[in-house]
């Protein structure tokens, strides 16, 4: 494995910090299977639309989620397979027996 330079370490820490919030992590998981609108996320997760929008802005800025505008709605999904695989792998990891 290659060495992690300081800039990359800071960027990676920021991503993990964002994913350290349970609400944001629930949003990311809801977006893993495919595009989901902010309204559907808010209803399905029992969160306010404004809170979901706030989290979505942060996750999009960190390149964790991608946004696709369709008419008046924006649909969110995992930015790429790296994000999708990492989040799923960590979910499997916490369920493993010690």
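Any read-out appearing in this document is the output of simple, stated calculations on the displayed coordinates, not a laboratory observation. Predicted, not measured: the structure shown is a model, and the values here were computed from it.
Using the Cα gyration tensor of the chain, with a ≥ b ≥ c the square roots of its eigenvalues, what is the shape: rounded (a/c below 1.5), prolate (a/b larger than b/c) or oblate (neither)? Prolate. Relative to the longest principal axis of the chain, what angle (0 to 90°, nearest 10) does the C-alpha long axis of helix 49-61 take? Once rounded, one gets 40 degrees. In the chain, helices alone account for a calculated mean residue ellipticity at 222 nm of -18500 deg cm²/dmol, with every DSSP H run of four or more residues adding -39,500 (n - 2.57).
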